[in-house]
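Since the structure comes first, as structure tokens, the remarks are kept for the end.
Every read-out reported here was derived from the displayed coordinates using simple, explicitly stated rules and does not represent laboratory data. Since the structure is predicted, the reported quantities are computational estimates derived from the model, not experimental observations. Cβ coordinates were reconstructed from backbone atoms using ideal geometry, including for glycine residues, and neighbour counts include every protein chain displayed.
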Amino acid sequence: MDGIAGEGLLRELAPQVLGALVRRYGHFDTAEDAVQEALLAAATQWPEQGVPDDPRAWLITVAARRLTDLLRAEQARRRREDTVAARALPDDWLAPAADQPAGASDDTLILLFMCCHPSLTPDSQIALTLRAVGGLTTAEIARAFMVSEATMTRRITRAKQRVKDSGLPFRLPRAAERAERLGVVLHVLYLIFNEGYASTSGPDLHRAEPAAEAIRLARMVHRLLPGDAEVAGLLALMLLTDARSPARTGPDGALIPMAEQDRGRWNAAYIAEGVELVTGALSRGTPGPYQLQAAIAALHDEAPTAEETDWPQITALYELLMRISGNPMVALNHAVAVAMAHGPWAGLDRLERLRDDDRVSGDHRLHAVRAHLLEMAGDLAGARQAYEEAAGRAMSLPQQRYLHARAARLSAEPDVPQRDPDPTQPAP
């Protein structure tokens, strides 16, 4: 089994297996422990023994055995061992996910809404879903929330216990409940996609598996709620953003800014689908944040060249987005758009307003944007310093290498200005 392919298969199957166990046994927290042990067994055994004919059924069987062991140990003290041990695994429960109807009966979709239970705080809903459905590690989730790994571990543990204590039935919520949880579900998928599209740490700029999983889950939610404009907007945003992935890195894995990318390598099918989705969504009334971001992404993707990008229109869309979002990354992207439409000093003036915002002041992206704009303005010494500052704060190795290279290039070729700053990726 190829390592990368195997990791993708296990990532896809993990929420399905967890959903099957929770549907059958309940005990969300214990079931997740059992699934993790089954995934570890698969990662150890499949490379040597080969992938089973039905990997999902294999994982469910192994996880169910481990769950039964865990429940026996716990319930022996309560004298219920016989009840747990007598439970069997029916054939239809082990059926591959592909043989099950799409939509309401998909365990992954049920699990997605279950993790967004109203008894949890919004942060806990997001963290638990990222862990149980998105397959992100606790460390990755902690970075997304800008908290320590220990803090995130406690948060996820408490969230699992709350779901267990709630006695929530394993089914899709009714329509009214679904509407209450949908905003969190969409935000979770957005975070999962961002972690895949622009990894916060590690040797790779892009991790295809989380991004693909987020798109897959967004498609499922869109099938469930085809008339929801924000669901369509989120799916469009993911497709239009991911369409650029093939051109974002060079043969050596180095980051290539959008302005320098070979647009012929962009995924034309994703762009066409995304444009169709966002066009339809925007026609349904007042646009929400995902629709606006998708519209911005569409303007980037449809521009034949970087020089032909409609920066005034993008600036206007960011201004609309800022009215409904307090996210500082939106303001950061707006500063880039202002700089491209009205000159670097106008953008730098916008950046000054963010320097005292604790949510973004320590983020490498603020310093990277400032470096680009200073370079455009001709302040090469200031730009070099800002690039080095950004590199020191970045956790992704490709981003670090790119930023150091920009600083080194300015030192070696001080007369070569930067043509076009790379807009930052959508912010969670």
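How do 360-367, 19-26, 167-174, 220-227 rank on mean C-beta neighbours within 10 Å, highest first?
Ranked from most to least packed, the peptides come out as 19-26, 360-367, 220-227, 167-174.
Using a cut-off of 9 Å between beta-carbons, work out the net charge of the residues near Val22 (Lys and Arg +1, Asp and Glu -1, Val22 not included).
That sum, taken over residues with Cβ under 9 Å, equals 0.
Tell me, what is the Rg over Rh of segment 238-293, with Rh the Kirkwood radius over Cα pairs?
Using only Cα positions, Rg/Rh for segment 238-293 is 1.09.
Which net charge results for the neighbourhood of Gly233, defined as the other residues with beta-carbon distances under 14 angstrom from its beta-carbon, given Lys and Arg at +1 and Asp and Glu at -1?
Counting the neighbours of Gly233, the net charge comes to -2.
I need to check one value: relative contact order of segment 299-374, counting alpha carbon pairs closer than 8 Å and at least 6 residues apart, in percent.
Here the relative contact order equals 24 percent.
Over segment 219-316, consider all pairs of different Cα atoms and compute the Kirkwood hydrodynamic radius from their mean reciprocal separation; express it in Å, one decimal.
13.9
Based on the alpha-carbon gyration tensor of segment 344-396 and its eigenvalue square roots a ≥ b ≥ c, which shape applies: rounded if a/c is under 1.5, prolate if not and a/b is larger than b/c, or oblate?
Because a/c hits 1.5 or more and a/b fails to exceed b/c, segment 344-396 counts as oblate.
Kindly put Val369, Val336 in sequence by how many other C-beta atoms sit within 10 Å of each C-beta, fewest to most.
Val336, Val369
Could you put Asp301, Asp107 in order, starting from the residue whose Cβ has the fewest other Cβ atoms within 10 Å?
Going from least to most buried by this count: Asp107, Asp301.
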